[in-house]
Amino acid sequence: MMSQISIRAALGALLLAAITGTAHAAVEQARGADDFIDSIGMNIHLPYTNTAYGDYKGLVKPRLLELGVRHVRGIANIPHVIEKTNELAALGIKSTFGATPRDKISADNIVGILKQFSPGAISLVEGPNEPDIWPINYNGKTWQTGALTDYQNDIYAALKADAATRDITVLTFTLANPTGYAKVGRVPADMGNMHTYPNDFAAWLPGAKLDSIHIPAMRGVVGSDKPIMVTEFGWRDVEARYHISVPFHIKAKYVTRSFFEFFNRGVVRAYYYQLIDDKPNNHHDAGWGLIKHDGNNADGTPKATPTPAFFALKNLISVLTEPTTGFAPGQLDYALNGDTSGISRTLLQKADGRFYLVLYQNAANWDTGAGRTTRTGKELTVAPKAVTLTLASPAAAIKTYLPVNGTSATSSTAKTTSVTLSVPDHPLIVEITP
């Protein structure tokens, strides 16, 4: 029997061909709004106490709760981190634990380490993080010569052999460069694991190269039948040495669109990198955070300013969230007509019956030809497209939301079968009450 996660992933893959770029007129199967919310994860760095992450009580915990995410990544086998991880679990936020020989984690001790956490606090264990950048040595081997295969085999066997850990989902390792996966081949895991940063100047839109490079490369590691997660992706908003950077308001559009691009391809969960900047703005690896770290206050606590991307994601989660229900979503008979080229869509449903049709243009907002950074680049204007939504049966009400701008409805129409929509370059959420 396929697991619920596997079914969700397979459904997403089947729907991908039908969600971009063409006029639509058909009965469409919705996916659970709760499943989409559960697909949103966030990278944090609880061990980094000499950064803004050191202010757990005053900054990290309250901002995570405000944002509304249920899953985080970035913990370690450190007593104060274990305590905080357990507290987050009690608040409904589950964590991913990274296993690597760099941290002296082995098949001999990983089960005992995980038993220090409260039951259910750790929902995922992943293999080594980017050993093509952060080298590992295991059994006298490097990642290219068998270390990853040996380590993944040993860790997987140890976790599945103990009743306390056998139900924890085990992810593969990750590489920074996806071409390296072919050097490793198949390893035991419950799911694949990818990092997908937009560092290719020719194709850096949300979802770029997932279908042509990242997913096929991971299939060579985990096989064709296993779901996949993305444990790192992100957009920078300051000058960058290694990666493209974009202005704050464009980052908000790209971040919110990215989660739908992953979800539409059946990616079970994607973890944005990261919640808070852990480097100063003049550092070569700064600018990933949804929250800026602007130095410290007089009392030593960090000055932390949420960016537009933080509020956009917070608003998106707020509009679509609902308590976990496990209900079976239904179908919606509708048509989209007009200039639908380049428009992506996702159909969701809540347990109370309301459908949520999410539409956006996945178009470039920053001219990479003019420059890769916020200093030398040029903003591209993306004009909204007029699209008519027609329902086979009258709706009791149709409302629209633009999470990049807020959580209040931007329009409301009662007892109708048709509305004209203006689809922008960021998510437009159409709430349909049957």
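Residues of the range 327-362 that are in contact (Cβ under 8 Å) with a residue 40 or more places away in the chain, in a loop (DSSP other than H, G, I, E, B) and small (Gly, Ala, Ser): GLY330, SER341, GLY342, ALA351, GLY353.
Here's the yes/no breakdown for (1) at pLDDT below 95; (2) over 25 Å from the mean Cα position of the chain (by Cα); (3) among the polar types (S, T, N, Q):
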{"residue": "GLY120", "(1), (2), (3)": "no, no, no"}
{"residue": "ASN129", "(1), (2), (3)": "no, no, yes"}
{"residue": "GLY140", "(1), (2), (3)": "no, yes, no"}
{"residue": "ASN153", "(1), (2), (3)": "no, yes, yes"}
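Which one of these is out of contact with any Lys or Arg (no Cβ under 9 Å at 6 or more places or on another chain) and crowded, with 17+ Cβ neighbours inside 10 Å: GLY140, GLY127? Going through GLY140, GLY127 in turn, the sole match is GLY127. Residue check: is PRO427 touching a residue at least 24 places away in the same chain (Cβ under 8 Å) and surrounded by fewer than 21 Cβ atoms within 10 Å (Cβ to Cβ)? When the stated conditions are applied, PRO427 does not pass them. All conditions but one from (1) assigned to a loop (DSSP other than H, G, I, E, B); (2) touching a Gly at 6+ places or on another chain (Cβ under 7 Å) apply to GLY92; the one that does not is (2).
With the structure loaded, tell me whether ALA304 is crowded, with 16+ Cβ neighbours inside 10 Å, of a type in the set (A, V, I, L, M, F, W, C) and more than 14 Å from the chain's Cα centre (by Cα) or whether it fails that test. Can you show your working first?
Values: crowded, with 16+ Cβ neighbours inside 10 Å: yes; of a type in the set (A, V, I, L, M, F, W, C): yes; more than 14 Å from the chain's Cα centre (by Cα): yes.
Judged against the criteria, ALA304 is a match.
Contact list please: Cβ distance under 7 Å, first residue in the range 45-71 and of a type in the set (Asp, Glu), second residue in a helix (DSSP H, G or I), pairs at least six apart or on different chains. Note: pairs meeting the criteria are GLU66/LYS314.
Looking at VAL187, VAL238, VAL170, VAL230, can you tell me which residue is at pLDDT below 95 and of a type in the set (Val, Ile, Thr)? Quick ask: steps written out before the conclusion?
Details: VAL187 fails: at pLDDT below 95; VAL170 fails: at pLDDT below 95; VAL230 fails: at pLDDT below 95.
After ruling out the rest, the residue left standing is VAL238.
Can you confirm whether the range 408-431 contains a residue that is at positive phi and modelled with pLDDT of 95 or more? Write out each step before concluding.
Residues of the range 408-431 at positive phi: 415.
Within this subset, residues satisfying the condition of being modelled with pLDDT of 95 or more are 415.
Yes; the residues of the range 408-431 include at least one that is at positive phi and modelled with pLDDT of 95 or more.
The values are calculated or read from the model by the stated rules, or taken from the named source; none is laboratory data. Quick caveat, the model's predicted, so the values are computed rather than measured. Quick reminder, even Gly has a Cβ in these numbers, built from the backbone with ideal geometry, and neighbours come from all protein chains shown.
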